[in-house]
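The values are calculated or read from the model by the stated rules, or taken from the named source; none is laboratory data. The shown structure was predicted, so the numbers you read here are calculated from the model rather than taken from an experiment. We place every Cβ from the backbone using ideal geometry, glycine too, and count neighbours over all the protein chains shown. Side chains are part of the model used for accessible areas, which takes the heavy atoms of the whole protein and leaves out ligands, DNA and RNA. Shrake-Rupley method; radii C 1.70, N 1.55, O 1.52, S 1.80 Å.
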Amino acid sequence: MLIINNLKASIGGKSILKGITLEVKPGEIHAIMGPNGSGKSTLAAVLAGREFVEVTEGSVTYLGKNLLDMSPEDRAKEGIFLGFQYPIEIPGVSMVNFMKTAVNEHRKHNGLDPLSASDFLKLMRDKKELVEIDSKLANRSVNEGFSGGEKKKNEIFQMAMLEPKLAILDETDSGLDIDALRVVANGVNKLKRPDNSFIVITHYQRLLDYIVPDVVHVLYDGRIVKTAGRELALELEEKGYDWIKKEVENNVLS
Amino acid sequence: MNGRSEVTERYIGLYKENIEKITTSSSPYINSFREAAYERFRDMGIPTKKNEAYKYTNLNIFFDHDYKSYFMPVTSDFIKAEEFRCDVADLDTHGIVLLNGFYPTINEKLRQLPSGVWIGSLNAAAIKFPDLVKKHYGKYAKSDTDGLIDLNTAMASDGVFVYVPEGVALTKPVQVVNLVQSDEDMFSQHRNLIIVEKGAEFSIIICDHTLSPQKFLTNAVTEVFVGENAHFDLIRVQNEHNAACKVTHTFIHQEKNSVASSNNMTLHGGLIRNSTYHYLGGEGAECFSYGLFLTDKWQHVDNFVNVDHAFPKCTSNQLFKGVLDDMSTGAFNGRILVRPDAQGTLAYQKNNNILLTDDAKMDTKPQLEIFADDVKCSHGATIGQVDSDALFYLQSRGINKREARLMLMFGFAHEVIQNIKIEALRDRMDNLVMQRLKGELSRCASCMVKCG
Amino acid sequence: MVIHSIMEKDQDKILSDVTSGEYKYGFYSDIEMERIPKGLSEEVVRIISAKKNEPEWLLDFRLKAYKHWLTMKMPAWPNLRIPEINYNEIIFYAAPKARPVLNSIDDIDPELRKTFDKLGIPLNEQKHLAGVAVDAVIDSVSVKTTFKETLAEMGIIFCSFSDAVKEYPELVRRYMGSVVPYTDNFFASLNSAVFSDGSFCYIPKGVRCPMELSTYFRINSANTGQFERTLLIADEESYVSYLEGCTAPTRDENQLHAAIVEIIAEKNAEVKYSTVQNWYPGNKEGLGGIFNFVTKRGMCKGENSKISWTQIETGSAITWKYPSCILRGDNSTGEFYSVAVTNNYQQADTGTKMIHIGKNTKSTIVSKGISAGHGQNSYRGLVKVLKNASNARNFSQCDSLLLGDKCGAHTFPYLEVDNQTAIVEHEATTSKIGEDQIFYCNQRGISTEDAIGLIVNGYAREVINKLPMEFAVEAQKLLQISLEGSVG
Ligand SMILES: Nc1ncnc2c1ncn2[C@@H]1O[C@H](COP(=O)(O)OP(=O)(O)OP(=O)(O)O)[C@@H](O)[C@H]1O
Ligand SMILES: [Mg+2]
C-alpha cells in the first residue's frame, strides 16, 4: 500500500528526516513512537503533502503511484487521511459546509453523485453517534473554540466521514479523557478492514492497548532506529528512550 | 490668500448662494445651528490627506466637481422612488424611502407605529416634536477635525427621524431606503436623528442605492441617542454604482447599560467613507462596531471608527474586514480611547484584509489611546492572503485548492455577516457575498442602474 | 473581594516605593571645559566647523542643513507634550579643554577618568569588561576610544567621528547622510548642522568583529545640547554587535540631545545595534531631564543583510525615536526589539519604521511599553510594503503594561501594503499587571513586590534576551531600579 524509500526531507534548509524506509501493507497497523522533535509530525506532513517540508531525496509510492507528485487534495481523495496533531481553527467556515464539500469531492472522485442535503445530514448524524461527539460541535465553525480533546475527536469524526484507505493519526490520543480515548480507538477499529491501513503516531502505550499495532517503529533524529512487534511499546513505556539513544550512539561509534 | 483650498471655496460659495433658500424650507431650530457650523466648516475646510483621519482617502476626486445641488424636494421625482422595491426576500420591515436626502411622502410626513413609535421626516418632526428635537439634535455630532460634519449641519434640512419611547420594543426593524436619482451630477446631504429612549429596543436597516448613472456625492450625518438599558442595532447596506461617492458620519451616544451595534456592509460604490463614532456615556454600556467591504475596479472604501470609553466598566468590540480585488484600495482607521477613570474597560478591535491582486492596496491604522489602568484592550490587524495552514487543512480533506480558497474567503466574510441579527438579511448578505466571490454575480447585478 | 482590596493596597504602597527609585548617575563632574557662546546662527555653525578643522565639504553640508532647518517646524504629536525649546539658550559646542592627543590612558584628565570610573565605564584597557571596545563621548566630544589597535589589526576602524573625518574622509563623505539625509526631519537637520562628534565604525569585507563595540555617551555641562552622530558601515559578509549607553547629571532644567545614527549593511552583513538609554529622566515632579530626540536608521543595502535594533529606554524626560530599517536588498531582514519605561512625568514616543523594498524581505517588531506614575508611553510605527516587494513578511507585537491609574499607554501602528503576496500582522494588547499572576506567585510564597519584579522582567524578557550578555544583566537591574516596586 505505502512504500517509503530512503526519504530525506528538510524544513527551511534544516534537515529533519534523514533517510526513512518503511513499508505499510494493506490491513496493517503501524505505530510510530519516538522522542519529541524526532520528526514524526514531519513525516506525516510529507505524506499529506505540506509544501513547506522539502523532500530532498528518496521516494514514496502509494497504491503504485508516486505520492510526492500529487496535490494534497488528490492524496486525500485517493484515501490518505491525516489526523493533525494540532488541528487548525477556521473561523467563519461551518463544520457542515466544510464536511459536505469534502464528502462530495470524494464522491465525485469515485464517480458518485453528490449526496442530497438530507442524506448528508443523516450521514453526519450517524457518524457523530459513532464517535460520540456533541452534536452542537457540528454547528460551529471548524474547530473554533473547541477544547483540545474536542478537536481530536473532531479529527476522528472526519476520518469516519471520509473512510480513508490509509489513515495517519498524529498523536490523536493526547489530550483525551479516558472515555474519549476509547471512542478514538473504537473509531479506528470500526474502520479497520483487510484492505485499509493505519499509521498511529503516539507517545503512549495506553492507546496501543486498544489499537493493537502489527509493528512498532521508533523514530529518533530523523531515522527509524528500531522496529519490532507491539512488545516494543511496552518496553519503551518502562524504560524510556535513553537506552535506544545509547544504542544508536554505540552503533555510530563502532 | 486665506489659505483655503479651491474645493473648500466651492462649498463656501454653495452655502452663501443657497442659505436663504435652505432656511425658508426648514425648521427654525435646525436653522439656528447653521451659521456657527458654516464658520467652523470655513475654518476646517474639506478634509485633505494631511488630516490624520483622512490620511488614506482623497476626497477631492469627488468633491472637486460641479454638481447640481438639491435643497428642495421635487414631487415629480418621487414616482421612481415609489416604484423601488427592496428585493430581499422575507424581509419584513417598516419602510421609509428617502429620495436625494428628502422624505418624499407629501401627505404623511410622520407616521405613528404601534406603542407610540414615530418615524418620518426630521424636518417635520422639528415642528411637531420641538422638545425632543431640541434635546438631541446637534448634541452628538461633534468633531474638531472633520469639517464635513459642519458642512452637513450648515446645509442639510431633512432626513429620517425616529422616536422610540421608553420601554417600547419594536420587533419589526425600520428600513430606510436611500435613493439618489437625477438627470445631472448631484450633491446631496441629509441628516438623521434616532432617539431610542430608556429600556427601548430598536433596529434599523439603511440601504443605499443609486437609480441613475450620474455622478453622485452624498454627505450624511446620523445622530443616535440610546438611553439607559436600551438596545439599538444599525445595519447599513451600501450598494451604489462606481460613479457615486458616499460619506457617512454616524454618532451613537449610549447611556448606562445600553447595548448598541453598527454594521457597515459595503457591497458596491465608487468611494465610500463611513465614520462611526461610538460614545460610551454611562457605566456598563456595550457597543459593537462591524464592517465588511468587497471592492473591485477603482473603488475605494475607508472605514473610520472612534470608540470613546468615557465611563467605567464599558465594553467595545470592533471587527472590520475587507476583500480587495483589481486595483481597488481600502483603508481602516480605528481608534479606541479610554479616558482617565474609565476603569474596568474592555476594548477589542480586529481588522483583517485580503488582497486578491498585486494592484490592490490596503492601509490600516488601528490605534489605542489609554489613560486608565484597569483595562483590557487589544487590537490586531492583518493584511495578506488566506491562511495557508487553513488552506492545507481543507485540501487534506480532499477539497480542491480553488474551492478551499473560496470557502475560506466566504468564512472570512461570514465572520462579519453572522453578526446581523435579522435572519432574512443575513442570508441575503451571505448569498450576495458568495456569488460575488465566485464571480457568478456580474459586478453590476445587484445595482439598480441598468447602464447596459 | 476583601483579599483583593488588601492586595491592591499593598500593591499601591509597593508601587510608590518602587517608583521612587532614585537616579544613580546624577552627579556632575568638574572638568575644565571649552564652550562657545549660547545660541544658534550660521556663525555658530562655522565656528563649530572651524574648531574641528573641518574640510570645506563638511562645512557645506552643515550650512545646507542649517539653512534647511530654518525652514522647518518642530513636529507635533498627540499625547506628547514638548515644551517650547529656545534654541538661543543652548550651547551648541562644549568640549573638555586642552584635549591632548591621547597616547595612553594617563593622558586623560583625571577628573574625566574618575567620571567614567564612577559610571563603571572602563577607559583603561586592562580593566575593561571582557571583550568590549569603548568609545567615550562626553558632552559633544569623543574623549577616548579603547582597543583601537587590536581592532585595526583586523582592518576594523573604530574611532571618533572627528578622527574619521580626518583619516577616512572618502568613507565618511560617501556614507554620511546617505541613510538619514540632512532634510529628513527637524532634529536630523539640526544635528546635521551642529553635530560635534560621535563614533565611526567600519567593518571590512568578511570580518566578524571579535568584540562588542560600544559608545558611551555622557552629558556633563549645563545648558549644552549634545548632538552626536554615529556612522556604522558593515561591508559584505561582515558582522558587528554595537552597544550604546547614556547618562547625564541631575539638573532642574531640560537639556537637549539630538543624535543621528546611520547604519549601512552590505550584502550578507549583519549588524546588531543595542541601546541602553538612561539619560536623566527628571525628578518625581517632572522637573528637568533630557529631551532625547534621536533619528536612527539602518539601510539593508545588500542581499541577505540584516539589521537588528534592540533598545532599553528607561531614561529621559522625553524620548522621541524610531530606529528604522530600509529593507532594500532582497532577502534582507529588519528587527526592532524595544522596552520603554516611563515613570513619574516621563514621556516616550518610540517605535520603528520597516520599509520593505526588496523581495522576500522580513521584519519583526516587538515593543513592550511599561507606564507608571504619570508616565505617557506611545508606540508609533510604520510597516510599509512597496509594490515590488513580493513575499514580504512582517509580524509586530506591541504590548503595554500599566502600573497605576495616572499613566497612559498608546499604540499607533500604520500598516501600508501594496503587494498581494505580503503578510503583515500586527497585534497589540494593553492591560494592567495580572492580579491572577500575582496571586499565583503569592501562592508559591513570593511577595507581591518580588512577584511584580518577576512579572515585569518576564514581560520584557523577550527583548532583554536580545542584548549582549553583559548588558542584559545591566538592563534587568536598570528596569528594576526605574520601576522598583511600582506595580499596582
Ligand atoms: N515549521 C518548522 N520550521 C522549523 N522547524 C520545524 C518546523 N516544523 C518542525 N520543525 C522542527 O523539526 C523537528 C521535528 O519536528 P516534528 O514536529 O516532526 O517532531 P515530532 O517528532 O512530531 O515531535 P512531538 O513528539 O513533539 O510532536 C523539530 O526539531 C522541530 O523543531
Ligand atoms: Mg509531532
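Remark: the Cα gyration tensor places segment B:6-438 in the rounded category, a/c being less than 1.5. Taking every DSSP bridge with both residues inside chain B, close to 5 percent are antiparallel. Between the listed residues B:Val338, A:Asn110, B:Thr145, the Cα displaced farthest toward the positive end of the dipole of the protein assembly as shown, a dipole computed from Cβ unit charges relative to the Cα centre, is found at A:Asn110. Summing charges over neighbours of B:Ala141, with a neighbour being any other residue whose Cβ is under 13 Å away from its Cβ, gives 0 when K and R count +1 and D and E count -1. Remark: relative contact order (segment B:6-438) = 10 percent; criterion is Cα-Cα distance under 8 angstrom and separation of 6 or more residues.
With a Förster radius of 22 Å applied to the C-beta separation of C:Glu89 and C:Asp60, the computed FRET efficiency comes to 0.20. Look at the stretch B:357-365: the mean tally of other chain Cβ atoms within 10 Å of its residues' Cβ atoms is 6. Estimated from the Cβ-Cβ distance and a Förster radius of 30 angstrom, the FRET efficiency linking A:His203 and A:Lys122 is about 0.25. Of the residues B:Leu271, B:Leu408, B:Ser212, the one whose Cα sits farthest towards the positive end of the charge dipole of segment B:6-438 is B:Leu408 (charges of +1 on Lys and Arg Cβ, -1 on Asp and Glu Cβ, taken about the Cα centre). Distance from the alpha carbon centroid of segment A:1-52 to that of segment B:10-63 works out to 68 angstrom.
A cut-off under 13 angstrom between Cβ atoms defines the neighbours of C:Lys166, and their net charge, with Lys, Arg +1 and Asp, Glu -1, is -3. Karplus-derived 3J(HN,Hα) values for segment B:315-332, using 6.51 cos²θ - 1.76 cosθ + 1.60 with θ = phi - 60°, are 10, 9, 9, 10, 9, 10, 9, x, 10, 10, 10, 6, 10, 6, 10, x, 9, 9 Hz; glycine and proline are entered as x.
Pairs of Lys residues in segment B:275-427 are counted when their Cα atoms are under 14 angstrom apart and they lie 8 or more places apart or on different chains; the count is 6. Hydrophobic, long helices, defined as DSSP H runs whose alpha-carbon span along the helix axis is 27 Å or greater and whose mean Kyte-Doolittle value is at least -1.0, occur in chain B at B:6-25. When the square roots of the Cα gyration tensor eigenvalues are ordered a ≥ b ≥ c, the ratio a/c for the protein assembly as shown is 1.5 or more and a/b does not exceed b/c, which makes its shape oblate.
Among the listed pairs A:Lys246/C:Lys466; B:Lys16/B:Lys142; C:Lys353/C:Lys387, a Cα-Cα separation exceeding 25 Å is found for A:Lys246/C:Lys466. Just the protein heavy atoms count here, and of the accessible area of the protein assembly as shown at 1.4 Å, carbon and sulfur take up 49 percent. For B:Gln175, the residues 5 or more places off, or on other chains, whose built amide H falls under 5 Å of its own are B:His94, B:Gly95, B:Ile96, B:Ile205. If one computes the Cα centroid of segment C:287-359 and of segment B:353-404, what distance in Å separates the two points? Centre-to-centre distance over Cα atoms comes out at 26 Å.
In chain A, the DSSP-assigned H stretches of four residues or longer account for a calculated mean residue ellipticity at 222 nm of -12000 deg cm²/dmol, using -39500 (n - 2.57) per stretch and the full residue count as denominator. Among B:128-134, C:157-163, the peptide with the highest mean count of other Cβ atoms within 10 Å heads the list, and the full ranking is C:157-163, B:128-134.
On a 0 to 90 degree scale, rounded to 10, what angle separates helix A:148-162 from the longest Cα axis of chain A? Approximately 70 degrees, to the nearest 10.
B:Leu319 sits among other residues whose Cβ lies under 13 Å from its own Cβ, and their net charge, with Lys and Arg +1 and Asp and Glu -1, is +1. Rounded to whole numbers, the Karplus 3J(HN,Hα) couplings from phi for segment C:304-319 are 6, 7, 8, 10, 10, 9, 10, 9, 10, 10, 10, x, 6, 6, 10, 10 Hz, using 6.51 cos²θ - 1.76 cosθ + 1.60 with θ = phi - 60°, and x at Gly and Pro. With the simple spin-label model, which puts each label point 7 Å out from Cα in the Cβ direction, the A:Ser174 to A:Ile88 separation comes to 1.9 nm. Taking amide H as placed 1.01 Å from N in the peptide plane, A:Ile168 has its amide H under 5 Å from the amide H of A:Phe81, A:Leu82, A:Gly83, A:Ile199, each at least 5 places away in sequence or on another chain. Starting from the Cα gyration tensor of segment B:275-422, take the square roots of the eigenvalues, sort them a ≥ b ≥ c, and report rounded, prolate or oblate (rounded when a/c is under 1.5, otherwise prolate if a/b is larger than b/c, else oblate). Prolate, since a/c reaches 1.5 and a/b exceeds b/c. Taking segment B:300-329 and a reference point 7 angstrom along Cα→Cβ of B:Asp358, the backbone N atoms nearer than 17 Å belong to B:325-328. Counts of other chain beta carbons within 10 angstrom of each beta carbon in peptide B:405-417 average 4. Counting Cβ atoms of other protein chains within 10 Å of each Cβ in C:429-437 and taking the mean gives 4. Peptides A:6-16, C:382-392, C:226-236 ranked from most to least packed give C:226-236, C:382-392, A:6-16, packing being the mean of other C-beta atoms within 10 angstrom over each peptide's residues. Taking the Cα centre of segment A:2-253 as reference, the dipole from Cβ charges on Lys and Arg (+1) and Asp and Glu (-1) amounts to some 320 debye. Here the sum of -39500 (n - 2.57) over DSSP H runs of 4 or more residues, divided by the residues of chain B, equals -7000 deg cm²/dmol at 222 nm, to the nearest 500.
For segment B:175-208 and segment A:165-190, compute the distance between their C-alpha centroids and round to whole Å. Rounded to whole Å, the Cα centres lie 56 Å apart.
The phi-based Karplus calculation (6.51 cos²θ - 1.76 cosθ + 1.60; θ = phi - 60°) puts the 3J(HN,Hα) values of segment C:150-161 at 4, 5, 4, 4, 8, x, 7, 9, 9, 8, 6, 4 Hz, whole numbers, x for Gly and Pro. Take the accessible area of chain A alone and of chain B alone, subtract that of the pair, and you get about 2100 Å² summed over both chains, using a 1.4 Å probe. In this structure the amide hydrogen of C:Lys296, modeled in the peptide plane, comes within under 5 Å of the amide hydrogens of C:Val261, C:Tyr322, C:Ser324, none closer than 5 places in sequence on its chain. For the protein assembly as shown, a simple Cβ point-charge model (Lys and Arg +1, Asp and Glu -1, everything else neutral) yields a dipole of about 1340 debye relative to the Cα centre. If R0 is 56 Å, the Cβ-Cβ spacing of B:Arg339 and A:Asp242 corresponds to a FRET efficiency of close to 0.40. Where both bridge residues fall in the protein assembly as shown, DSSP classifies roughly 15% of the beta bridges as antiparallel.
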